[in-house]
Protein chains: 2
Amino acid sequence: MASSLDTFFNPETIAVVGVSEKPGNLGRVISGNLQSFGFRGIVYEVGPNGGTLYGRRIYKAVSDIPDRVDLAVLLVPARVVPDAMAECGRKGIRHVVVETAGFSESGPEGAELEQRVAAIAAEHGIRFIGPNCIGLVNRHAGLSTAFVSLDAHLQPGGTSVVTQSGGVGISILNMLASEGGGLAKMVSVGNKVDVDENDVLEYLIDDPETEIITMYLEGIRDGKRLMDLARSTDKPILIHKSNIGEAARGIASSHTAALSADDAVVDAALRQAGIARFRDSETLVHYLKALALPPMRGNRVAVLSRSGGHAVIAADACELEGLELATLPQDFLDEAQTHLRANVISLTNPMDLGDLFDLDVYEKLASGTLAMDGVDGMVFMHTYMVGPDGDRSQRLFERLHEMSLELHKPVAVHADTVAGEVSRLKQVLPGPVFQEPSDAVRALALLRDYWKADVLPPERPDGPADAGAVRAILAACRAEGRDPLLQEAMAIAAAYGVPAAECRLAASEDEAVAAAEDLGLPVVLKVVSPEISHKSDFGGVQLNLRSEDGVRAAYREIMAEVGERAPEANLYGVVVQPMLRGGRDLIVGARLDPNFGHVVLVGMGGVFVEVFRDAAIRVAPFPRPAAEAMLRELKVWPVLKGVRGQEASDVDALVEVILAIARLVTDFPEIAELDLNPIRVMAAGHGCRALDARMSLVPGA
Amino acid sequence: MASSLDTFFNPETIAVVGVSEKPGNLGRVISGNLQSFGFRGIVYEVGPNGGTLYGRRIYKAVSDIPDRVDLAVLLVPARVVPDAMAECGRKGIRHVVVETAGFSESGPEGAELEQRVAAIAAEHGIRFIGPNCIGLVNRHAGLSTAFVSLDAHLQPGGTSVVTQSGGVGISILNMLASEGGGLAKMVSVGNKVDVDENDVLEYLIDDPETEIITMYLEGIRDGKRLMDLARSTDKPILIHKSNIGEAARGIASSHTAALSADDAVVDAALRQAGIARFRDSETLVHYLKALALPPMRGNRVAVLSRSGGHAVIAADACELEGLELATLPQDFLDEAQTHLRANVISLTNPMDLGDLFDLDVYEKLASGTLAMDGVDGMVFMHTYMVGPDGDRSQRLFERLHEMSLELHKPVAVHADTVAGEVSRLKQVLPGPVFQEPSDAVRALALLRDYWKADVLPPERPDGPADAGAVRAILAACRAEGRDPLLQEAMAIAAAYGVPAAECRLAASEDEAVAAAEDLGLPVVLKVVSPEISHKSDFGGVQLNLRSEDGVRAAYREIMAEVGERAPEANLYGVVVQPMLRGGRDLIVGARLDPNFGHVVLVGMGGVFVEVFRDAAIRVAPFPRPAAEAMLRELKVWPVLKGVRGQEASDVDALVEVILAIARLVTDFPEIAELDLNPIRVMAAGHGCRALDARMSLVPGA
């Protein structure tokens, strides 16, 4: 399939369909871009009114073209796109870009038209990009199908772009041009009816001209494939996934759902696959510049600055980004001090080069510092005036970049001078240049984080898994067309190794008392009803019952209160559980995400769950190290480990629960949602227990 | 004093001291800037070797100048600065800028030199700026004393800059120039030995040419005066306070201290005084642009975009910034729809103007939308090509700015086109232009937040205040040269209206039992010792003692364990308190900040305090609404108010405690630190109780 896309990027002959001599005709802009970018193949224009363009005849129909056509670009009114597609098919064209808008994005009528176009393409074995897009660019081949003029400054390079919005794609190209970056390929996938972002991604992963892949996506079609593709390559992939509010509108039905909103899942999934996410093009710029530098293998930064103020600002930025200021050995500083003319400044890190005006000494200090074992990267901030210092400063920047490549450590350079000079430097320097001290620091932090991301294989973790028991319970639920009840959900979790609190079903007051005596007081009573999921909202829970009388009273109160608040609910009785003392409450859950499949979540429980939203998410399946990493991500991690004399919690047991849930949803894709809330984690060595469980199944599964 | 500074900015005659004909002489750059900025007064150069410059004689000594001199600028070697200052004094010069470095910033020798310079200046009644600075700029008067060339593009305007770093000052001027902003005045205060940032601020507040004041500070000399000055003006004040890690190195001795680190105090103080804080020049740019727009009086934004992708990105940015997308009435949308040529797009908010190419319709839609009651501000994103659309797009931007001024609502405009065109627009448009959709949205959010900041007077809140009782306890402590003990700290807080848990001192096992019987079981025992502040770290606390035997055992264990862990501590016995059930633990505290005086803090207590660092801070004194606002700032606020069926806490009682502490530290400045930790807040109507208190006094106070 990848090779089949190659013709899109390297056609020998192109037909631009929808060209006329009328002023404002956009088809002509496409031909203009092909001209100005230096496309080396043959271009044919097609338009019903004929005429000429660039000394070429405008053919009245595709069928009139006296040649084989590799790629057709359609920019004709939406209603005639089906005919144009059919005409391309009859001509033997197998690659088409449909740029016309007015399809599914504009309503049901357009959606129907879109389906007709897709059917016609399929009939002729045509692969097509779009509709509602600006098509593609292959800068190295001088190919562009965009109907807007592209910036002439845009150089060929290693960055490729996949975008769901033509406008955003153009913005990225403008940004690349002004930052002195270079483009390999761009594809605007539009409504992605046939070729989608994953198809293009697969092609770009194999494309030797592409070094970095940047994507702008408003929706993700097949998250699992996206993750698999990303895991298969070493090329950096940077994604702007917008439309973050799309799912916020839905009402979350469980804590797991609330804490794992679609956008949080996207965050987790991309990180799991080693994809860097960005949310504005400024961050993209920082990423692209950072990735032009060698990797940052540790956290220790040396800061050299000609301005003391910038040194302070860079040190602040290091603190905010969690970067350490490297400790420079005293003998190095003493040696360095001998190079200084005056005695005005004292060397340390950040190193204030003060009013020392010798650029050769800068270079010497920089290379000495960067070579040190305790330094993982450097920020160099150079303030200068264009007139007197211009040429020498440019040579210094060039040397710093060479130094960075030689020593294989990143040097992020901040040029503090007039804006015009900074713009010029971006075009002429071999390495990146940053406009602010904090940008340079941020670039090093991005590099550190990017290369630290450990991508793990999507492996189902081993462990207890009594699938037969689960199947039996699910079959019973399915037979009755309902979701599992509390004790069934607990039993399902237990079958996969989740320790559940003891749990007796009692259908009467007497049975409740008997169960309580059997379990030992104090106990908890919780209503059981297929219609009631949030039990405490209906008065269906009573805690800490310390006597037979208490149990009896609680049973009667629960039945009365739930009966009154939810008169339509079937009450099966209650479950009786021992009242547990001590430990900490967490939540472990899972949810079926429409894009990425099942995600597993662990989070802080109790009253603060909605206040602090402290949760970690992973797309299932995942191996043990991912479960351990989830716990370390939690803000409550220090509390779980034991802070200020507090007892440590049994995190090992919690890891087993996370893995059990990951196994369970991997084996039973029909589970829509599962909430173990709370799961009580006892002191280290004393395990944990699910105290409550709620589960829902995919309708009709 | 303000009028005395005026001569710095509007001298008729200037002497530049330290000029020579040698290549690389920096004094000449000062004269060059005066020349290129068009200074209209008279300039004299002074240098020991004489010579000429710009057709003028370089005098060999200040005393040789045959004229009155209003302002002298010294750029001579540090060691001769004292003599130069004395010479200025003898010449009758009363305003001096010392640009030379090598004073207190370089070590003890330089500090001594600095003191000599200050003494000589004082002797002659000279006010001086610096040393270690680049002096000042008055763009409207063509005055600049900087020894680096300034960007010729820098236009006169309404922004003034006070900076503690010359390099950062120059960066801000470069930024202003490239963004098309205009400068009123800049002062680089350097080591601020005489004239400091507050002196300059006071001057700029009265300066009719200054509309916005921007400051870069690495330290704050007199925080109280800074706050008072800021409260006295309507001019926006924007501050970059760097050096955020300066105090992090110290070891925090209490939760209050840990949660109110110097930088958090700066944050609180600046906001209390209506000062906007920024942390990088990018945010400064956004602020300056935003403040060129009318105020944002609500939270509802209309987004109009020519690119659907940018509309989605702007909607995301609104969500992240907490801005609402305004609901546009259907009849307006229907009416608007009739202006569209095609039916491809459907109007909503964000409004995707799609492939509608009529700029007059854009203008009509924009003005109709902005005029609506339900719209507080607008983001307009315009994608265009310079060639065909350039002039008409510029006119559209101009109209949008006029519209914004006419309707007195902000319109943040994003120009999506090649970088060169954006740079050009910044210089020619009357209003600001933003480079990214998210920047335009952020500007509206900054405007909203800036104008929402309610500045309250620094009033001591009324309420219980038995100052006599407090004085007596403090006198006793002072007499013994120690800090107040637990029960004394509790009594001090109680004297100002803080409800304290009942508290009996017991010096023996029997006394502890008697106190417990008196208070009623269960009880808590806590060790009392002047040397032990973190009692539980030494085994000095036992909770939930339910019997006489339990109390006896606890007393013995505490004495044994504390005696072993802190053998040098004097043990006065224990306090016995009733064991409280229910409620939530918070912390209320106060700390004497070296820059801003006393700050009061309220935060979440318990085991999560260090994990979530959820605290609100105010500089004392402050009136009741500030105390209420502090609680609303806390992340746990929803929990305190009662979420998901949980009982609401007695927040009114908590407000009284905060006000009590504000009164206490206002009346007793000798209190260095006070920690009520925990303060147990019971259900609404049931008050709160301080369960423990720690207090330290300013040494020698």
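The values are calculated or read from the model by the stated rules, or taken from the named source; none is laboratory data. Bear in mind that the values here come from a model prediction, so they are computed numbers and not experimental data. With ideal geometry, Cβ positions are generated from the backbone for all residues, glycine too; neighbour counts draw on all protein chains shown.
Hey, does the range A:160-180 have a residue that's assigned to a strand (DSSP E or B), touching a residue at least 12 places away in the same chain (Cβ under 8 Å), surrounded by fewer than 23 Cβ atoms within 10 Å (Cβ to Cβ) and away from chain B (no Cβ under 14 Å)?
Just the residues of the range A:160-180 that are assigned to a strand (DSSP E or B), to begin with: A:160-163.
Among the residues that remain, those that are also touching a residue at least 12 places away in the same chain (Cβ under 8 Å) are: A:160-163.
Subsequent filtering for residues that are surrounded by fewer than 23 Cβ atoms within 10 Å (Cβ to Cβ) retains none.
No, the range A:160-180 has no match at all.
Find all pairs meeting these conditions: Cβ atoms under 8 angstrom apart; at least six residues apart or on different chains; first residue within the range B:278-299 and at positive phi and part of a helix (DSSP H, G or I); second residue crowded, with 19+ Cβ neighbours inside 10 Å and of a type in the set (Phe, Trp, Tyr).
Taking only residues 6 or more apart or on different chains, not a single pair turns up.
Residues in the range A:612-635 that are without any contact (Cβ under 8 Å) to a residue 40 or more places away in the chain and within 14 Å of another protein chain (Cβ to nearest Cβ): how many?
Within the range A:612-635, residues that are without any contact (Cβ under 8 Å) to a residue 40 or more places away in the chain and within 14 Å of another protein chain (Cβ to nearest Cβ) number 7.
Name the residue, out of A:GLU335, A:GLU321, A:GLU398, that is acidic (Asp, Glu), closer than 16 Å to B:ASN243 by Cα and out of contact with any strand residue (DSSP E or B) (no Cβ under 7 Å at 6 or more places or on another chain).
Result: A:GLU321 is the single residue among A:GLU335, A:GLU321, A:GLU398 that is acidic (Asp, Glu), closer than 16 Å to B:ASN243 by Cα and out of contact with any strand residue (DSSP E or B) (no Cβ under 7 Å at 6 or more places or on another chain).
With the range A:376-484 as the region, which helices (runs of 4 or more DSSP H) entirely inside it contain at least 3 residues that are more than 33 Å from the chain's Cα centre (by Cα) and touching a residue at least 40 places away in the same chain (Cβ under 8 Å)?
On the way: elements: A:386-407, A:419-428, A:437-452, A:467-479.
So the answer is A:467-479.
If only one of B:GLY32, B:GLY41, B:GLY55, B:GLY47 is more than 36 Å from the chain's Cα centre (by Cα) and at positive phi, which one is it? I'd like the intermediate steps shown before the answer.
Values: B:GLY32 fails: at positive phi; B:GLY41 fails: at positive phi; B:GLY47 fails: at positive phi.
Only one candidate passes the filter, namely B:GLY55.
For A:ARG442, work out the one condition from (1) surrounded by fewer than 21 Cβ atoms within 10 Å (Cβ to Cβ); (2) in contact with a helix residue (DSSP H, G or I) (Cβ under 7 Å, 6 or more places away or on another chain); (3) of a type in the set (Lys, Arg); (4) within 14 Å of chain B (Cβ to nearest Cβ) it doesn't fulfil.
So the condition that A:ARG442 fails would be (1).
Residue by residue through the range B:369-396, note down the ones that are in contact with a Pro (Cβ under 9 Å, 6 or more places away or on another chain) and either of a type in the set (Val, Ile, Thr) or farther than 20 Å from A:VAL168 by Cβ (or both). Let's see the steps before the verdict.
Of all residues in the range B:369-396, those in contact with a Pro (Cβ under 9 Å, 6 or more places away or on another chain) come to B:372, B:374, B:376-379, B:381.
Result: B:MET372, B:GLY374, B:ASP376, B:GLY377, B:MET378, B:VAL379.
For the subset of the range A:350-392 comprising residues that are small (Gly, Ala, Ser) and either outside the structural domain of A:GLY308 (by TED's automatic domain parsing) or closer than 21 Å to A:HIS408 by Cα (or both), which member is surrounded by the most Cβ atoms within 10 Å (Cβ to Cβ)?
So the first thing to find is which residues in the range A:350-392 are small (Gly, Ala, Ser), and the list is A:354, A:366-368, A:371, A:374, A:377, A:387, A:390.
Of the ones still in play, those that are also either outside the structural domain of A:GLY308 (by TED's automatic domain parsing) or closer than 21 Å to A:HIS408 by Cα (or both) are A:366-368, A:371, A:374, A:377.
Details: A:ALA366: 23, A:SER367: 17, A:GLY368: 16, A:ALA371: 13, A:GLY374: 15, A:GLY377: 29.
The qualifying residue surrounded by the most Cβ atoms within 10 Å (Cβ to Cβ) is A:GLY377.
From A:GLY374, A:GLY387, A:GLY431, A:GLY368, grab the single residue that is at pLDDT below 90 and not hydroxyl-bearing (Ser, Thr, Tyr).
Working: A:GLY374 fails: at pLDDT below 90; A:GLY431 fails: at pLDDT below 90; A:GLY368 fails: at pLDDT below 90.
Unique residue meeting the criteria: A:GLY387.
Which is at pLDDT below 90, out of contact with any Pro (no Cβ under 9 Å at 6 or more places or on another chain) and crowded, with 18+ Cβ neighbours inside 10 Å, of B:ILE558, B:ILE532? Break it down into steps so the answer makes sense when it comes.
Details: B:ILE558 fails: at pLDDT below 90.
After applying the criteria, what remains is B:ILE532.
Restricting the range B:134-159 to residues that are surrounded by 24 or more Cβ atoms within 10 Å (Cβ to Cβ) and polar (S, T, N, Q), which is farthest from the other protein chains (Cβ to nearest Cβ)?
Per the criteria, the residue is B:ASN138.
Every residue in the range A:104-125 that is free of Cβ contacts under 8 Å to residues at least 60 places away in the same chain and either within 14 Å of chain B (Cβ to nearest Cβ) or within 29 Å of A:GLY32 (Cα to Cα) (or both), please.
Listed by number, the residues that qualify are A:SER106, A:GLY107, A:PRO108, A:GLU109, A:GLY110, A:ALA111, A:LEU113.
How many residues, within the range A:595-611, are touching a residue at least 60 places away in the same chain (Cβ under 8 Å) and not small (Gly, Ala, Ser)?
Of all residues in the range A:595-611, those touching a residue at least 60 places away in the same chain (Cβ under 8 Å) come to A:595-601, A:603, A:605-606, A:609-610.
Next, from what is left, pick out any that are not small (Gly, Ala, Ser): A:595-596, A:598-601, A:609-610.
Of the residues in the range A:595-611, 8 are touching a residue at least 60 places away in the same chain (Cβ under 8 Å) and not small (Gly, Ala, Ser).
Residues are listed down the side, and each one gets a yes or a no for (1) within 30 Å of B:PRO530 (Cβ to Cβ); (2) in contact with a His (Cβ under 7 Å, 6 or more places away or on another chain); (3) acidic (Asp, Glu):
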| site | (1), (2), (3) |
| --- | --- |
| B:GLU568 | yes, no, yes |
| B:MET579 | yes, no, no |
| B:ASP593 | yes, no, yes |
| B:GLY603 | yes, no, no |
| B:GLU610 | yes, no, yes |
| B:ALA616 | no, no, no |
| B:VAL636 | no, no, no |
| B:VAL643 | no, no, no |
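Residues in the range A:314-334: is at least one within 13 Å of another protein chain (Cβ to nearest Cβ), assigned to a helix (DSSP H, G or I) and over 27 Å from A:PRO236 (Cβ atoms)? Can you show your working first?
In the first step, residues of the range A:314-334 are kept if they are within 13 Å of another protein chain (Cβ to nearest Cβ); the result is A:314-325.
Of the ones still in play, those that are also assigned to a helix (DSSP H, G or I) are A:314-321.
Right, trim to over 27 Å from A:PRO236 (Cβ atoms) and you get A:315-316.
So far as the range A:314-334 goes, yes, one or more of its residues are within 13 Å of another protein chain (Cβ to nearest Cβ), assigned to a helix (DSSP H, G or I) and over 27 Å from A:PRO236 (Cβ atoms).
Which one of these is over 30 Å from B:GLU398 (Cβ atoms), more than 14 Å from every other protein chain (Cβ to nearest Cβ) and surrounded by 20 or more Cβ atoms within 10 Å (Cβ to Cβ): B:ALA495, B:ALA472, B:ALA479, B:ALA467?
On the way: B:ALA472 fails: surrounded by 20 or more Cβ atoms within 10 Å (Cβ to Cβ); B:ALA479 fails: surrounded by 20 or more Cβ atoms within 10 Å (Cβ to Cβ); B:ALA467 fails: surrounded by 20 or more Cβ atoms within 10 Å (Cβ to Cβ).
Checking each option against the conditions leaves just B:ALA495.
Do we have any residue at all in the range A:520-528 that's within 14 Å of chain B (Cβ to nearest Cβ) and within 47 Å of the chain's Cα centre (by Cα)? Walk me through how you get there before you give the answer.
Residues of the range A:520-528 within 14 Å of chain B (Cβ to nearest Cβ): none.
Within the range A:520-528, not a single residue is within 14 Å of chain B (Cβ to nearest Cβ) and within 47 Å of the chain's Cα centre (by Cα).
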